[in-house]
1. Please report, largest first and rounded to whole Å, the three semi-axes of the ellipsoid equivalent to segment 95-178, where each semi-axis is the square root of five times an eigenvalue of the C-alpha gyration tensor.
2. In segment 46-170, with Lys and Arg counted as +1 and Asp and Glu as -1 at Cβ, which of these residues, 54, 121, 166, has the Cα nearest the positive end of the dipole, that is, farthest along it?
3. For segment 8-167, treating each Cα as an identical point scatterer without solvent, what Debye log10 I(q)/I(0) comes out at q = 0.08, 0.12 1/Å?
4. With the contact rule set at Cα under 8 Å and sequence spacing of 6 or more, what percent relative contact order holds for segment 1-105?
5. Once you put a point 7 Å from the Cα of residue 30 and another 7 Å from the Cα of residue 160, both along the Cβ direction, what distance in nm separates them?
6. Would you list which lysines come within 21 Å of residue 93, measuring only between C-alpha atoms, while excluding same-chain residues fewer than 8 positions from it?
7. Once the piece of chain linking residue 180 and residue 105 is laid out straight, how much longer is it, given 0.36 nm per residue of separation minus the C-alpha distance between them?
8. What distance in nm separates the two pseudo spin-label positions at residue 78 and residue 201, each 7 Å out from Cα along the beta-carbon direction?
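No lab work stands behind these numbers, since they all come straight from the coordinates. Just so it is clear, the structure is predicted and the values come from calculations on it, not from any experiment. Every residue, glycine among them, receives a Cβ derived from its backbone with ideal geometry; neighbour counts consider all protein chains shown.
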Amino acid sequence: MAPATDDPVAVALDELRAEAEACEKCLLSATRTRVVFGEGDPHSDLMFVGEAPGYHEDQQGRPFVGQAGKLLEQLLQTIGLSREQVYIANVLKSRPPNNRDPKPEEIAACEPYLVRQVEIIAPRVVCTLGNFATKLLSGSQTGITRVHGIPQRTHVGGRELYLYPIFHPAAALYTPAMLETLKQDVLRLPEVLGLPLGGDVPTDEAADAPVAPRADPPVRRPIVLPTLAAAPEPTAPLEPAAPALEPKPPQVQPPAPAQPPAPAQPPASPRPPAPGGPAEQLGLF
Ligand code: URA
């Protein structure tokens with residue numbers, strides 16, 4: 001049968017989705033209701049990676065559809081984006097029972113799906129939400145408390161990109177200080193999206209070029225995130241006195257390997273224990 005689309009990116013993602021939906025590489029396949037593969041614009045420059053599906057995600061087969069998802073959508077609005085304009089996925093594609101933490105063997109079994117998603121989508125920025133996604137994709141055990149808000153130029157699979165760790169929205173739902181930090185980190189995302197990558201064309205050459213000639217077909221996009229130009233002014237300045245994207249002094253240290261372990265981490269499992277909890281009473285913005 002002919003594919004429903006001739007977009008090679010969408011076709012490659014659909015094939016990978018079918019593989020994930022049939023996957024029985026870990027025991028979560030026995031308890032999940034639906035595989036939560038990921039969704040959004042497969043041509044976006046911006047991808048979010050959370051931890052694992054929770055109750056609602058497992059029921060609907062879609063990522064971030066509960067309270068954490070609502071907060072993520074509100075945060076995206078502050079930079080002029082909707083969830084449809086980014087791609088959203090998780091480390092695990094199946095829900096751990098009772099929202100427990102992912103086990104190492106589950107992460108290992110699911111990792112190839114995430115890496116392949118990144119390779120196919122080829123975003124400029126992968127925004128990791130919380131510890132599990134950050135540690136997996138950075139390859140470092142340094143926790144989110146230390147590395148949030150600091151872009152890391154790296155490779156995932158064959159793709160060069162910026163990893164941009166931020167707090168998990170579900171954790172921030174319960175901790176006002178964390179929510180404030182999360183908001184500030186999200187406001188810096190447009191700046192991170194503008195950081196240079198090796199495949200970029202120098203500006204003077206780009207001015208003459210009829211199409212963006214980045215050298216990695218077949219999954220290039222013509223142009224992305226057009227609404228960023230129309231994004232509202234941030235409510236708080238993005239580091240006015242410091243050079244762009246310097247670490248913010250009171251919050252974090254640069255992710256140097258020699259650093260001691262973080263003194264405090266956000267809750268290991270940021271998903272709310274049950275629907276209808278205190279998050280629903282919180283006025284988020
Ligand atoms: N938390 C996650 O990490 N992922 C989801 O999809 C929902 C909540």
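1. Result for segment 95-178: semi-axes of 21, 18, 11 Å.
2. Of the options given, the answer is 166.
3. Per q value, in the given order, log10 I(q)/I(0) is -0.20, -0.46.
4. Taking the mean separation of contacting Cα pairs over the length of segment 1-105, I get 35 percent.
5. Result: 4.6 nm between the two label points.
6. Partners found: 25, 70, 103, 135.
7. Here the answer is 23.6 nm.
8. Roughly 3.5 nm, to one decimal.
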